[in-house]
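Written out below as structure tokens is the structure these notes cover.
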Amino acid sequence: MGVPCQFVFPNDATKQNAIVNIRVATASLSFLGSLFVIFTIWLFKKYVVFTQRLILYLGFAGLLSSTAYIVGRIGFEQQDTASQDERRFCRFQGFILLYSDWALLLNFTCVTFNLFWNTICNKKTEQFEIPYLLISYLLPSLIACIPFTDDSFGPSGAWCWIRQKEYVQNATSFSCHAHETGRIFGFVLWYIPLYFILFTMLVTYAVVVCVVRRKINSWQGTFDPVVEQQKVHLRHQIRPLMWYPIAYIFVTIFPTINRIYDIVEERDVFALWILHVLFSPLSGALVAIMYGVERDTFRRYRWSNFRVSQFRLLYIRISEHLCMMTIDCVPLLYVFT
């Protein structure tokens, strides 16, 4: 017998399957987009620049997040009759999803902070790289472990996350009750911090845009070495990261609307859920699009430039990494040059 309260649309399997499948399809696009970003930065050794490493970390977070969304598709139909192993796997899915969502959010937050520090304080931020990594990848693991204290991971609608309801069965019937601890964890560990950080990111981004425009308008007149240095700083430290925070804010619009509507009206609307699952996993794909249309990346991938030299570069880069794993190896870089 199914457990209706554990599904978004318990009486309509078509809608339930559509929500899950669309979410996986969108996550797959983000997975491929994140691979593109990571591959490009690795291939052209762009990671030697700090701002490019920040984008690389975004790529890793997007890859992890999209993988969690895809893995969340496995076994969601059997949530009600799951074995102990399947329930443990569902808890693992919930943990990975919460961890990856936090890692992605904090990576975008670090990018926003980096923009603010570079723009307002006009200082380099390479010294923050290790703290960025600790905040983005270690802190989420601590947060994601908290629901284990009350066994709050489990089926939550169309996937496994912090469960909002629990299934109670006796000898003759079953019933669904709100899982109060799970709801508290959901708000305290995700929704409240998420909306606070999103508001802070939006305000910070608005300040950064205003300051950048004011600086650009002031750069007029005769040659000034200080102004030229500021232009170089803008081109290399600020401009490459400008659009990434707004991408994350964009993909959270419809999920936020859906969650607020669900809380206020206490009912699910199929159209809002479709928009939710279309946009929620899309951050990796948007990062890839913005990275691909950057002038330097676009120039490197133009077909007129992407000829034998680029395939030779790929061959050499693979050879270099293979040689790092062996002792008796002559890198192809020296064979072909």
Original post:
If we only count strands (runs of 3 or more DSSP E) wholly inside the stretch 142-251, which ones have 3 or more residues that are modelled with pLDDT of 70 or more, open to solvent by 50 Å² or more (accessible area, probe 1.4 Å) and farther than 30 Å from residue 74 by Cβ?
Top reply: none
Subject >> Close pairs (9 angstrom Cβ cut-off, 6 or more residues apart or separate chains): over 12 Å from residue 243 (Cα atoms) in the stretch 287-307, at pLDDT below 80 and of a type in the set (A, V, I, L, M, F, W, C) anywhere >> reply: 292/298; 300/306
**OP:** Examine the stretch 30-53 for a residue that is modelled with pLDDT under 80, surrounded by fewer than 21 Cβ atoms within 10 Å (Cβ to Cβ) and part of a helix (DSSP H, G or I), and state whether such a residue exists.
**Re:** no
**OP:** Could you look through the stretch 115-139, keep only residues that are among the polar types (S, T, N, Q) and at pLDDT 85 or above, and pick out the one that is least open to solvent (accessible area, probe 1.4 Å)?
**Re:** 136
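The values are calculated or read from the model by the stated rules, or taken from the named source; none is laboratory data. What you are looking at is a predicted structure, and each value in this text was computed from that prediction instead of being measured. Reconstructed Cβ throughout: ideal geometry from the backbone, glycine too, with neighbour counts over all protein chains shown. Heads up: the accessible areas ignore ligands, DNA and RNA and are worked out on the full protein's heavy atoms, side chains in. Shrake-Rupley method; radii C 1.70, N 1.55, O 1.52, S 1.80 Å.
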